[in-house]
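Student: Okay, handing you the structure first.
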Amino acid sequence: MLRGVVGGDLEGVSGWSVRPHGTGSRAVLEQDMVARKALIRRLEVPFRPLFRANHYLLTYRGHRGLKAWLDGGQEARRAREEERRSGTRSE
């Protein structure tokens, strides 16, 4: 379990928990946040679809990046970076 306190325009607690699930694991994000900035609170209702779309894109990209990293993408990026530095390319 990883939890953190968030401060600024949005305040609250956000955290991840990882639990066994079938033959793998399930990561669950939990958030309890409050908008402290007056402008965000005023725009919350009319801009809710935009805020939700932004949040969806953020979490979707985060999920893709984490999955790529867990699937070995980190090693592939390191190898590409090393190839770029050395000027060689492996097939």
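The values are calculated or read from the model by the stated rules, or taken from the named source; none is laboratory data. Since the structure is predicted, the reported quantities are computational estimates derived from the model, not experimental observations. Because the Cβ atoms are built from the backbone with ideal geometry, glycine has one as well, and the counts that use them run over all protein chains shown. Side chains included, ligands, DNA and RNA excluded: accessible areas come from the protein's heavy atoms. Shrake-Rupley method; radii C 1.70, N 1.55, O 1.52, S 1.80 Å.
Student: Is it the case that some residue within region 35-46 is open to solvent by less than 90 Å² (accessible area, probe 1.4 Å), under 24 Å from R3 (Cβ atoms) and in contact with a strand residue (DSSP E or B) (Cβ under 7 Å, 6 or more places away or on another chain)?
Tutor: yes
Student: From the list R52, R80, which residue is among the basic types (K, R) and either surrounded by 11 or more Cβ atoms within 10 Å (Cβ to Cβ) or over 22 Å from the mean Cα position of the chain (by Cα) (or both)? Break it down into steps so the answer makes sense when it comes.
Tutor: On the way: R52 fails: either surrounded by 11 or more Cβ atoms within 10 Å (Cβ to Cβ) or over 22 Å from the mean Cα position of the chain (by Cα) (or both).
Going through R52, R80 in turn, the sole match is R80.
Student: Give me the residue from region 2-15 that is open to solvent by 90 Å² or more (accessible area, probe 1.4 Å) and at pLDDT 90 or above and, out of that set, nearest to L66 (Cα to Cα).
Tutor: R3
Student: Restricting attention to region 55-65, and to residues there that are free of Cβ contacts under 8 Å to residues at least 24 places away in the same chain and surrounded by 11 or more Cβ atoms within 10 Å (Cβ to Cβ), which single residue is nearest to the chain's Cα centre (by Cα)? Talk me through it step by step, then tell me what you get.
Tutor: Pass one, region 55-65, residues free of Cβ contacts under 8 Å to residues at least 24 places away in the same chain: 55-58, 60-65.
Filter again for surrounded by 11 or more Cβ atoms within 10 Å (Cβ to Cβ), leaving 55, 62-65.
Values: H55: 10, G62: 4, H63: 6, R64: 9, G65: 8 Å.
Among them, the one singled out is G62.
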